[in-house]
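So the structure is just underneath, and the comments pick up after that.
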Amino acid sequence: ARNKRPDGFGKPYVRSDGRWVVPYTPKDAKVIKVTIPRREPIRSASQAIEWAAGKVLQQKLDGTLMPRAVSKDGPTIGELSEKWLKLRKPDEEVAGATYDGNKSHFDVHILPSLGAVPIAMLEHVQGQTKLAEWLRKLKEQKGAKGHQTARNIAASLRTFLDWVISPEAGALIRENPTRSEWFKKLLPRRQKTDARFATLDDAPLDVVVVQKVLDTKKVGLQWRARIVLVFTAPLRDGEIAGLLISDVDLDAK
């Protein structure tokens, strides 16, 4: 009697990466795989079931236990992204250029391929396969010179899905698939900082000319601050456009 598993719990097993997994099947729903973090001192199947049962109970009390059945119903990525962008636009903590970039990424690169995908599918292989196919096509489209652009587009999708899993959006899915290791490995490699410095070294304007531009009163403070960053930091123009300026000191030459 002591060794009998609680109702709904299947036989625990150890995944290839060493983490314990306990299958749990709620009533009228498909199996939920409860994955136990490595930091937990689990030594046996009975300990794994005990931990998983406590986790499931807590999720039931919190109201966060969701069936993982594949659903083609519910809001799509396109519908939710529209709501997300409406909330994001008046947010004072989001720079105008950042919002414009997010909207452009969705309109041009994300929604044509993923807009009709129900958000619930992203918890399952079908939806995640669509994500992988989309990212591979994006990398091919942008090519070697567009690695950073592809990463920026993927970052917009990641930020959106962070909102989707939050209570504000109703926690429609429990994990953000774009933060999974398999998705990160598909991302194009980040460009090296040295290469950006080399590009700056080849810039047609030298320091003397730039200083003359900075000294010209006709150039506004916003643009002077931006020009200083272009020549003193390994940032691209698009990245600088997304920064929020809180303090600027131009007293020194």
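The values are calculated or read from the model by the stated rules, or taken from the named source; none is laboratory data. Since we're looking at a predicted model, the values are computed, not measured. These accessible areas exclude ligands, DNA and RNA; they are computed on the full protein's heavy atoms, side chains included. Shrake-Rupley method; radii C 1.70, N 1.55, O 1.52, S 1.80 Å.
Whole number please: convex hull volume per residue, Cα atoms of segment 35-173, in Å³.
Once divided by residue count, the hull of segment 35-173 is 157 Å³.
Determine the order of Trp163, Trp182 by accessible area, beginning with the largest, at a probe radius of 1.4 Å.
Descending order: Trp182, Trp163.
Can you sort Ser44, Ser16, Ser113, Ser156 by solvent-accessible area, 1.4 Å probe, largest first?
Ser16, Ser113, Ser44, Ser156
Taking only protein heavy atoms into account and a 1.4 Å probe, give the accessible area per residue of segment 78-184 in Å². Present the calculation step by step, with values, prior to reporting the outcome.
On the way: 5530 Å² over 107 residues.
For segment 78-184, the solvent-accessible area averages 52 Å² per residue.
Of Lys33/Lys145; Lys60/Lys184; Lys33/Lys130, which ones are farther than 29 Å apart at the Cα?
The answer is Lys33/Lys145; Lys60/Lys184.
Give me the number: length gained by fully extending Glu133 to Arg43, i.e. 0.36 nm times residue separation minus the C-alpha to C-alpha distance, one decimal in nm.
28.5 nm
For Lys103, Lys217, Lys60, Lys137, write out the residues from largest to smallest accessible area, computed with a 1.4 angstrom probe and no ligands counted.
Lys217, Lys137, Lys60, Lys103
Based only on Cα atoms, what Rg/Rh ratio does segment 105-175 have, Rh being taken as Kirkwood's radius? Can you show the working numbers first?
Details: Rg = 12.6 Å, Rh = 12.8 Å.
Here Rg/Rh amounts to 0.98.
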